[in-house]
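A quick write-up on the structure given underneath.
The values are calculated or read from the model by the stated rules, or taken from the named source; none is laboratory data. In this text, all values refer to a predicted model and were calculated from it rather than measured experimentally. Every residue, glycine among them, receives a Cβ derived from its backbone with ideal geometry; neighbour counts consider all protein chains shown.
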Amino acid sequence: MNKEFETIGKLGFGFMRLPMNGSEIDMDETNKMVDAFMEKGFNYFDTAYVYIGGKSEVALRESLVKRYPRESFKIASKLPLWDIKTKEEIDKIFNETMERLGLDYIDFYLLHSMNLDRFKQAEEMGAWDYIKEKKAEGKIKHIGFSFHDSAEHLEEALKMCADDTEFIQLQINYIDWESDNVQSRKCYEVARKYNKPIIIMEPVKGGSLVALPTKAQDIFKEVNPELSIPSWAIRYCASLDGVLTVLSGMSDMAQMEDNLSYMADFKPLNDTEYKAIDEAVKIINEVPTIPCTNCKYCVDGCPMSINIPRLFSVANQNKKFGDESKKPYNMRSYKDATKDKGLASQCIQCGACEGHCPQHIEIIEELKKIAAAYEE
Ligand code: SF4
Ligand code: SF4
């Protein structure tokens, strides 16, 4: 592994869920969190052009770049390609990032949230050429990408850029290790096959692995009552070989202190702990969910443009990780799933979808329950 990579701490500070005062970042709390993180010898900070509407990069400049020697930290930021059409726009965004961060050079620069289609787009726009030029100029130290697609597509993407990319950022967590949609294990294995160091994002699945079913929490508490529930998710990721760092999007000092308590003197999971995780995964996966396979056969015929499988996926997340007696914890996912699409309550019960469903799901009834939970 690159010598510089070996200096990176196993815990990375994700600057996307910072403490807020209304719509502004709480800089006092952020500064305290940065100080605590640095004091324990950690040094990797992850932001992106789009995080908190651009305020994340500025906050990093104020709390880190202006207050610590340049050689004491590493900063990663990301280029969003989804709203970009030309190389000139890439140049504008990169320069804006550097200005917001107050940097002459950036340590890690990633193409953000890539999938196979975006790789093709990146090739057409010359995005790789652009970041390679910046690397040659010394403005970027290391280039890579964050990835949200299947392992098969990751392999295809790597065929295009394996010589250029120095690392890959992947979504890995213990509940998605064997899942069909996220494919953590398969993506991890592809990255390892190409000998690419891995940065892990979403180790607690956007907070889902904090609020586990009580039976799953009990398993962890029995093995070690001192360890927090999220610690199991972070240590699971940090225990994997070839991992540069595990990003944690900490939102307050309590979360920072919890993470530091087990990561400052990191110990990989032992056999008993792996067994406990296997048991917890079994319990989480036993929670009854809507048996939708995301085949999408029901989607095209819906006159109300309801994204049925996506709503079922949102509802299933809540069944597994939420408390159904309370308001759904993932209301934001529902809002995203219904943006420019029909609401569950807009179903006119025409029945066009149900005849297409190979799983014989009572779609109309399920949508009624979803509407009641998410819209009332
Ligand atoms: S029954 Fe509801 S969800 Fe199904 S096709 Fe008709 S409007 Fe869409
Ligand atoms: S047809 Fe059935 S299984 Fe397929 S996406 Fe629609 S609800 Fe899910």
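Below are the figures for this structure:
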quantity	calculated
Condition met for TYR188 (more than 19 Å from LYS275 (Cα to Cα), touching a residue at least 40 places away in the same chain (Cβ under 8 Å) and of a type outside the set (A, V, I, L, M, F, W, C))	yes
Count - residues of region 155-180 that are within 22 Å of SER231 (Cβ to Cβ) and either surrounded by fewer than 21 Cβ atoms within 10 Å (Cβ to Cβ) or of a type in the set (S, T, N, Q) (or both)	7
Count of region 339-370 residues which are within 16 Å of ligand 2 (Cβ to nearest atom) and not in a loop (DSSP other than H, G, I, E, B)	12
Single unsatisfied condition, LYS267 versus (1) within 16 Å of ligand 1 (Cβ to nearest atom); (2) surrounded by fewer than 13 Cβ atoms within 10 Å (Cβ to Cβ)	(1)
Filter result for ALA48 (under 20 Å from LEU18 (Cα atoms) and either touching a helix residue (DSSP H, G or I) at 6+ places or on another chain (Cβ under 6 Å) or among the aliphatic types (A, V, I, L, M) (or both))	yes
Unmet requirement for TRP232, which otherwise passes all of (1) buried (at least 16 other Cβ atoms within 10 Å of the Cβ); (2) more than 26 Å from TYR329 (Cβ to Cβ); (3) not small (Gly, Ala, Ser)	(2)
Any hit, region 279-288, residues being within 16 Å of ligand 2 (Cβ to nearest atom) and not assigned by TED's automatic domain parsing to the domain that holds ASN181	yes
Close pairs from region 294-316: first over 13 Å from GLY342 (Cβ atoms) and in a loop (DSSP other than H, G, I, E, B), partner near ligand 2 (Cβ under 9 Å from one of its atoms) and of a type in the set (D, E, K, R), Cβ under 7 Å, at least 6 apart	none
Residues of region 77-118 satisfying the condition of being closer than 29 Å to GLU6 by Cα, surrounded by 14 or more Cβ atoms within 10 Å (Cβ to Cβ) and over 19 Å from the mean Cα position of the chain (by Cα)	PHE94, THR97, MET98, ARG100, LEU101, GLY102, LEU103, TYR105, ILE106, ASP107
Matching residues in region 181-206 - criterion: being part of a helix (DSSP H, G or I) and surrounded by 16 or more Cβ atoms within 10 Å (Cβ to Cβ)	SER184, LYS186, CYS187, TYR188, VAL190, ALA191, LYS205, GLY206
Selection count, region 133-152, where residues are touching a residue at least 60 places away in the same chain (Cβ under 8 Å) and acidic (Asp, Glu)	0
Within region 286-331, considering residues that are polar (S, T, N, Q) and more than 16 Å from ligand 1 (Cβ to nearest atom), the one surrounded by the fewest Cβ atoms within 10 Å (Cβ to Cβ)	SER325
Where ARG332 falls short, out of the listed (1) out of contact with any Cys (no Cβ under 7 Å at 6 or more places or on another chain); (2) at pLDDT 95 or above; (3) not β-branched (Val, Ile, Thr)	(2)
Test: THR30 is farther than 30 Å from ALA122 by Cβ and touching an Asp or Glu at 6+ places or on another chain (Cβ under 9 Å)	yes
Extreme residue, farthest from ILE143 (Cα to Cα), among residues of region 56-76 that are polar (S, T, N, Q) and buried (at least 19 other Cβ atoms within 10 Å of the Cβ)	SER63
Residues satisfying the stated conditions in region 1-58, i.e. of a type in the set (Ser, Thr, Tyr) and part of a loop (DSSP other than H, G, I, E, B)	SER23, THR47, TYR49
